[in-house]
1. It is to be established whether one or more residues within segment 146-155 are surrounded by 20 or more Cβ atoms within 10 Å (Cβ to Cβ) and either of a type in the set (S, T, N, Q) or assigned to a loop (DSSP other than H, G, I, E, B) (or both).
2. What do you reckon, is VAL138 in contact with an Asp or Glu (Cβ under 8 Å, 6 or more places away or on another chain) and either surrounded by 14 or more Cβ atoms within 10 Å (Cβ to Cβ) or not in a helix (DSSP H, G or I) (or both)?
3. For segment 10-19, how many residues are at pLDDT 80 or above and either touching a Leu at 6+ places or on another chain (Cβ under 8 Å) or surrounded by fewer than 12 Cβ atoms within 10 Å (Cβ to Cβ) (or both)?
4. Of all helices (runs of 4 or more DSSP H) completely enclosed by segment 30-133, which ones contain at least 2 residues that are modelled with pLDDT of 90 or more and not assigned by TED's automatic domain parsing to the domain that holds ASP17?
Amino acid sequence: MRTVADKTRIMAALGHDLRSPLTALRVHAEMVDEEETRDALVKSIEEMQDMVERTLAFARGMAISEPPETIELGQFLTELKRDMLNAFRLETDTPFEIKLRPQSMRRALRNVIENAVRYGDDVEVTYSRESDKALIWVRDHGPGIPDTQLEEVFEPFYRVEASRSRETGGTGLGLSIARTILRSHGGDITLQNHPDGGLLVRLDFPF
């Protein structure tokens with residue numbers, strides 16, 4: 001059985017090798033005269049390119065090489081909010097420090113928050129300290145996810161049917177990458193449907 005490291009290297013190599021032929025394919029597609037056919041081809045190629053980039057991001061998320069740093073969580077989230085152009089509302093709490101790999105955790109949080117914004121528009125982020133854990137909650141006000149799929153959505157390339165679907169974008173890797181990163185920190189991500197509507201994402205990781 002291949003190790004996780006072996007699978008990660010294979011995934012990264014395949015993603016990298018697909019970049020060039022997809023770029024060449026897009027160049028040829030843009031030369032098609034018939035507009036409707038050309039647009040359809042380019043759109044399909046763009047989706048494949050996006051999937052390749054997310055596959056590479058997934059591989060990077062599994063490759064643990066970044067050294068941990070001590071950061072103040074509230075400031076970290078405030079900077080992320082600024083970088084994401086105020087895409088979410090942040091409820092601040094008592095400041096506290098935590099040790100994590102900042103680039104990896106930023107990628108995980110961006111994936112979760114972008115997913116929430118895509119499906120729920122109005123997004124709230126809160127954080128707190130609970131015993132030996134830091135908790136971050138991300139809530140959207142979208143349609144939620146069927147209870148039977150709350151765990152399945154973490155599978156790579158998995159897509160939720162109906163309202164949280166391909167029509168709203170995404171390739172089904174964002175939550176997989178985020179969970180991989182959180183678990184590499186000794187934490188995890190879980191989902192639940194909020195009683196008042198929308199999806200609630202819980203991220204926890206130890207001090």
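1. no
2. Values: in contact with an Asp or Glu (Cβ under 8 Å, 6 or more places away or on another chain): yes; either surrounded by 14 or more Cβ atoms within 10 Å (Cβ to Cβ) or not in a helix (DSSP H, G or I) (or both): yes.
Here the answer is yes, as VAL138 does meet what is asked.
3. 0
4. Numbers: elements: 35-62, 73-83, 102-120.
Hits in segment 30-133: 73-83, 102-120.
The values are calculated or read from the model by the stated rules, or taken from the named source; none is laboratory data. Quantities reported herein were computed from a predicted structural model and do not represent experimental measurements. No Cβ is skipped: glycine too gets one built from the backbone with ideal geometry, and neighbour counts run over all protein chains shown.
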